[in-house]
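Below: one structure, written as structure tokens.
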Amino acid sequence: MLGTILHGPGDIRCEEVAEPTILHPTDAIIRLAATCICGSDLWPYRGLNDVSQPMNMGHEYCGVVVEVGSAVRSVKPGEFVVGSFCLSDNTCPHCRFGFQSSCEKREFMTGAQATLARVPLADGTLVATPELPSADLIPSLLATSDVLGTGWYAADAGRVQPGSTVVVVGDGAVGLMGVLAAKQMGAARIIAMSRHKTRQDLALEYGATDIVAERGDDGVARVKDLTNRIGADSVLECVGTKESMAQALACARPGSTIGYVGVPHGVEFDGQKLFFTQVGLLGGPAPVRRFLPHLMDLVLSRKINPGKVFDLELPLADVAEGYRAMDERRAIKTLLRV
Ligand SMILES: [Zn+2]
């Protein structure tokens, strides 16, 4: 079958690989309906994370179960399933508190940019749809697996309330999903920070009420202008750089909460400054499994269309072009047809 291997920085290839097999009784094997490239895949692709040995790429997935291990009870062959990029048992104390991304048995999904994939901890990770979904819903169901689940977590962790004012820092796919999530949670004012026309347009379509193109001090000044000098009730930090976190802290009013889901690279906090800023911080890898049933319902009932975030669609064999397009910011997010 075809699979995607990162051999070194910038060297990504779709090639013939061995089909996955059941290794543990709790595994399932799925046939991908579609897969995609994540912004976080660009870290090793750019050589910013260690790539000392070939890596099986891909952690966003949905598809049809073809085989299950002897201990799997909740899904069966023939069912259409979506799972989170964090694999969890969904029974340990952290899972029961809704933090499946800190599961005591947590593993991270790999190898999903392929025809078939092995999903460990299938019972605690996969959610089946009531029936096979129509083909046009596949991109949106795929989006629930990571990008929407992560944007949703940013809004949930940032404690977005009905009627509240929200700032979203970052106009990548996750930031755009954060806008969608804040809208669904009833935010009255959603300020999207974006400098790119196509991303601004999508943010507006997903529910942003204001666009701020400025960054740094100018960006903060614009947000203060829009919020009667107060700042936002919730800030969704969806980038993970030192600059984006500084932006988030400066846009947050005292007593607000920042939901941060951009994997930090170079972010540090000054204790005194944090103390006097007086904001709450909750972030980390999104516990997508907590939100999956609700998000899949919203997609299946066509209340949301997160799949629109995919603005480039390629066959799996052209995965290298998909990485290049995202690396060069020609594409927001690439969907791969298998
Ligand atoms: Zn667990």
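Observations, loosely collected:
- The residue list 146, 156 contains one member that is touching an Asp or Glu at 6+ places or on another chain (Cβ under 6 Å) and either acidic (Asp, Glu) or within 16 Å of the ligand (Cβ to nearest atom) (or both), which is 146.
- Meets criteria (over 15 Å from residue 20 (Cα atoms), within 15 Å of the ligand (Cβ to nearest atom) and in contact (Cβ under 8 Å) with a residue 12 or more places away in the chain) for residue 70: no
- Within the option set 273, 308, 303, being over 21 Å from residue 85 (Cα atoms) and outside the structural domain of residue 207 (by TED's automatic domain parsing) holds for one residue only, 303.
- Across the stretch 126-143, the qualifying residues are those that are outside any helix (DSSP H, G or I) and not hydrophobic (A, V, I, L, M, F, W, C), and the one among them that is nearest to the ligand (Cβ to nearest atom) is 129.
- Against the numbered list (1) touching a Phe, Trp or Tyr at 6+ places or on another chain (Cβ under 9 Å); (2) in the same structural domain as residue 192 (by TED's automatic domain parsing); (3) not hydrophobic (A, V, I, L, M, F, W, C), residue 227 comes up short only at (1).
- Pick from the stretch 302-338, criterion free of Cβ contacts under 8 Å to residues at least 24 places away in the same chain and not charged (D, E, K, R), ranking: surrounded by the most Cβ atoms within 10 Å (Cβ to Cβ): 331
- Being within 25 Å of residue 309 (Cβ to Cβ) and touching a Ser or Thr at 6+ places or on another chain (Cβ under 6 Å) holds for only one residue in 6, 2, 32, and it is 2.
- Those residues of the stretch 74-88 which are closer than 21 Å to residue 21 by Cβ, within 16 Å of the ligand (Cβ to nearest atom) and not polar (S, T, N, Q), in sequence order: 83, 87
- So residue 280, is it on the phi > 0 side of the Ramachandran plot and in contact with a strand residue (DSSP E or B) (Cβ under 8 Å, 6 or more places away or on another chain): no
Here is a yes/no grid of residues against (1) assigned by TED's automatic domain parsing to the domain that holds residue 14; (2) on the phi > 0 side of the Ramachandran plot; (3) basic (Lys, Arg); (4) not in a loop (DSSP other than H, G, I, E, B):
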{"site": "31", "(1), (2), (3), (4)": "yes, no, yes, yes"}
{"site": "35", "(1), (2), (3), (4)": "yes, no, no, yes"}
{"site": "43", "(1), (2), (3), (4)": "yes, no, no, yes"}
{"site": "47", "(1), (2), (3), (4)": "yes, yes, no, no"}
{"site": "59", "(1), (2), (3), (4)": "yes, no, no, no"}
{"site": "64", "(1), (2), (3), (4)": "yes, no, no, yes"}
{"site": "70", "(1), (2), (3), (4)": "yes, no, no, no"}
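- Filter result for residue 51 (among the hydrophobic types (A, V, I, L, M, F, W, C), assigned to a loop (DSSP other than H, G, I, E, B) and within 20 Å of residue 265 (Cα to Cα)): yes
- The stretch 85-125, subset in a strand (DSSP E or B) and under 16 Å from the mean Cα position of the chain (by Cα), residue surrounded by the fewest Cβ atoms within 10 Å (Cβ to Cβ): 108
- If the condition is being surrounded by fewer than 19 Cβ atoms within 10 Å (Cβ to Cβ) and touching a residue at least 12 places away in the same chain (Cβ under 8 Å), then the stretch 280-301 contributes 280, 282, 284, 293, 300.
The values are calculated or read from the model by the stated rules, or taken from the named source; none is laboratory data. Since the model is a prediction, treat every value here as computed from it, not as a measurement. Backbone-built Cβ (ideal geometry, glycine too); neighbour counts: all protein chains shown.
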